[in-house]
Amino acid sequence: MRGMRLADGVSRAMPDPIAPMPIRPLSALTALLHVYIALRLLPALAVLTPAWPLALLALVVSAVTIPLPFLSRRIERNASMGEAVKWIGLISMGWFSSMFVLTLVRDAGLLLTWLAGALGGVQVQWNTLRPWTALAVLAVATATSAIGFLNARRTASVKRVDVPIRGLPQALEGFTIAQLSDIHVGPTIRSGYIQRIVEAVNRLGADTIAITGDLVDGSVPELREHIAPLAGLRARHGTFVVTGNHEYYAGAHAWIDELRRLGLKVLLNEHVVLQTRNVRGAQTDEELFESALVLAGVTDFTAGHFDAAHASDPHLALHDAPPLVHTRVLLAHQPRSAPLAAAAGYQLQLSGHTHGGQFFPWNLFVPMQQPFTAGLHRLHDMWVYVSRGTGYWGPPKRFGAPSEITLLTLVPAAA
């Protein structure tokens with residue numbers, strides 16, 4: 001995994017990294033949380049409307065179906081639980097997430113209101129406040145889930161970003177990279193969804209395409225036909241891929257072999273030198289390399305936990321890189337690779353992983369683990385661009401964090 005080598009390598013057997021999902025504890029926990037929501041909202045809704053049993057029915061369906069997509073992955077070798085079950089369970093997960101958080105927010109608000117009344121003498125109309133706030137929780141959770149579903153299922157829009165690079169050679173001005181990230185082909189993202197992404201990317205005419213991890217949520221036999229449209233990606237310098245944490249959950253070695261079979265170039269702590277124009281007449285090394293770009297890729301930040309040989313290393317990815325090629329771009333799934341990348345001398349790191357939070361409240365937790373959530377950021381002398389992702393994970397729901405196909409253009413930094 002050194003230098004400019006892009007060898008297919010030898011496929012090695014690897015134990016299944018997916019530990020059995022603890023379905024019973026998960027089911028018990030989600031059931032208890034649904035009971036909490038029911039106890040806090042349904043009595044108040046019953047005061048306001050005779051239709052409150054519909055909310056009860058929705059909570060029952062949610063509690064029953066949320067574990068099923070995970071359960072089906074354990075037993076699919078013996079039986080098929082059907083696509084509909086997976087869809088209902090994952091949609092329920094997104095709706096329940098919002099219901100639970102908003103119920104907590106409502107309870108916190110009611111507690112503060114009670115304290116204001118007890119300590120400050122504020123008059124509170126509880127008979128009005130409780131029912132209408134309960135209805136508001138139900139309405140907001142349902143509306144955001146419906147809007148989030150539409151946002152998640154549409155083809156990601158193109159986000160254009162100019163990246164100012166200090167000392168950028170004239171030959172590299174306007175060089176474009178189309179970035180895809182976190183597509184998560186799996187239970188609800190299939191070949192049709194991927195084909196629409198491929199068509200949108202090909203219309204951009206990018207110089208190269210970068211896929212920054214988390215392509216899949218499942219095994220090669222399960223998803224081979226659904227990932228196949230990626231073979232149709234077209235760019236002048238080809239398509240390059242780095243692994244994300246979900247590739248290791250799903251069997252990274254098999255997926256690396258499959259992606260290479262499709263014609264994609266997987267970078268495992270290594271780099272390629274992209275020559276962006278004809279330099280046949282070059283007389284000096286400076287002329288030879290003035291139009292070149294080093295494109296490196298590292299394995300996922302956590303890859304070493306799954307395979308010690310895959311430990312992520314931005315420095316190793318530059319082994320034997322031509323010293324006269326100063327424009328260096330790193331593909332790294334997680335933004336937290338950035339400190340090591342900056343120390344290694346890259347000008348730009350492209351990452352994903354965060355989904356931009358995908359939907360409230362998860363966007364509040366991303367900064368606890370990652371230095372950047374979305375967009376273009378500066379770290380020392382290096383730019384870091386974090387994609388919000390081109391697909392979604394788990395619930396088909398995006399709210400406040402739209403998916404994106406990113407077209408990054410290298411431009412000279414202002415003097």
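The values are calculated or read from the model by the stated rules, or taken from the named source; none is laboratory data. Computed from a predicted structure; not experimentally measured. So basically every Cβ, Gly included, is an ideal-geometry build from the backbone, and we count neighbours across all protein chains shown. Remember, those area values only see protein heavy atoms, side chains included, never the ligands or the DNA or RNA. Shrake-Rupley method; radii C 1.70, N 1.55, O 1.52, S 1.80 Å.
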| said: Among (i) 0.99; (ii) 0.93; (iii) 1.13, only one was calculated for this model; which label is it, if the read-out is Cα Rg over 2.2 N^0.38 Å? | reply: (iii)
| query | So what is the calculated 222 nm ellipticity per residue for the chain, using -39500 (n - 2.57) for each DSSP H run with n of 4 or more, over all residues, to the nearest 500 deg cm²/dmol? | reply | -12500 deg cm²/dmol
| message | Full-extension gain between Arg378 and Leu150, please, as 0.36 nm times their residue separation minus the C-alpha to C-alpha distance. | response | 78.8 nm
| Taking the Cα atoms only, what angle lies between the long axis of helix 191-202 and the longest principal axis of the chain, rounded to 10 degrees? | 50 degrees
| query | Counting Lys +1, Arg +1, Asp -1, Glu -1, what net charge surrounds Leu204 among other residues with beta carbon under 12 Å of its beta carbon? | reply | +3
| Along the charge dipole of the chain, which of Leu293, Leu215, Asn127 sits closest to the positive end, that is, farthest toward it, with unit charges on the beta carbon of Lys, Arg, Asp and Glu (+1, +1, -1, -1)? | Asn127
| Taking amide H positions as placed 1.01 Å from N in the peptide plane, with prolines and chain starts having none, which residues 5 or more places from Leu262, or on another chain, fall under 5 Å of its amide H? | none
| said: Over the Cα atoms, compute the radius of gyration (one decimal) and Dmax (the largest Cα-Cα distance, rounded to a whole number) for region 303-378, in Å. | reply: 14.2, 46
| note | Measuring from the longest principal axis of the C-alpha atoms of the chain, the long axis of helix 23-48 (C-alpha) lies at a number of degrees, nearest 10, equal to 50 degrees
| Stokes-Einstein D (µm²/s) once Rh is taken as the Kirkwood radius of region 119-277 over alpha-carbon pairs, at 4 °C in 1.567 mPa s | 69 µm²/s
| said: If N is the number of residues in region 183-312, what value comes out of its Cα radius of gyration divided by 2.2 N^0.38 Å? | reply: 1.18
| Length released on extending from Glu83 to Gln195, taking residue separation times 0.36 nm less the Cα-Cα span | 38.4 nm
| Residue-level accessible surface for His353, protein heavy atoms, 1.4 Å, Å² | 40 Å²
| query | Ignoring ligands and nucleic acids, what accessible area does Thr302 show with a 1.4 Å probe (Å², nearest 10)? | reply | 30 Å²
| note | Extension length gain for Val35 and Glu222 (0.36 nm per residue less Cα distance), in nm, is 63.8 nm
| said: Using only the alpha-carbon atoms, how far is helix 126-153 inclined from the longest principal axis of the chain? Give it as 0 to 90 degrees, nearest 10. | reply: 30 degrees
| query | With no solvent and one point on each alpha carbon, what is the Debye value of log10 I(q)/I(0) for region 137-188 at q = 0.12, 0.15, 0.18 Å⁻¹? | reply | -0.54, -0.69, -0.80
| What are the ³J(HN,Hα) values, in whole Hz, obtained from phi via the Karplus relation 6.51 cos²θ - 1.76 cosθ + 1.60 with θ = phi - 60°, for each residue of region 61-69 in sequence order, with x given for Gly and Pro? | 4, 4, 4, 6, 8, 4, x, 5, x
| task | Report in % the part of the accessible area of the chain that belongs to carbon and sulfur, leaving out ligands and nucleic acids; probe 1.4 Å. | result | 62 percent
| note | So, with points 7 Å from each Cα along the Cβ direction, the Leu56-Arg236 label distance in nm works out to 6.6 nm
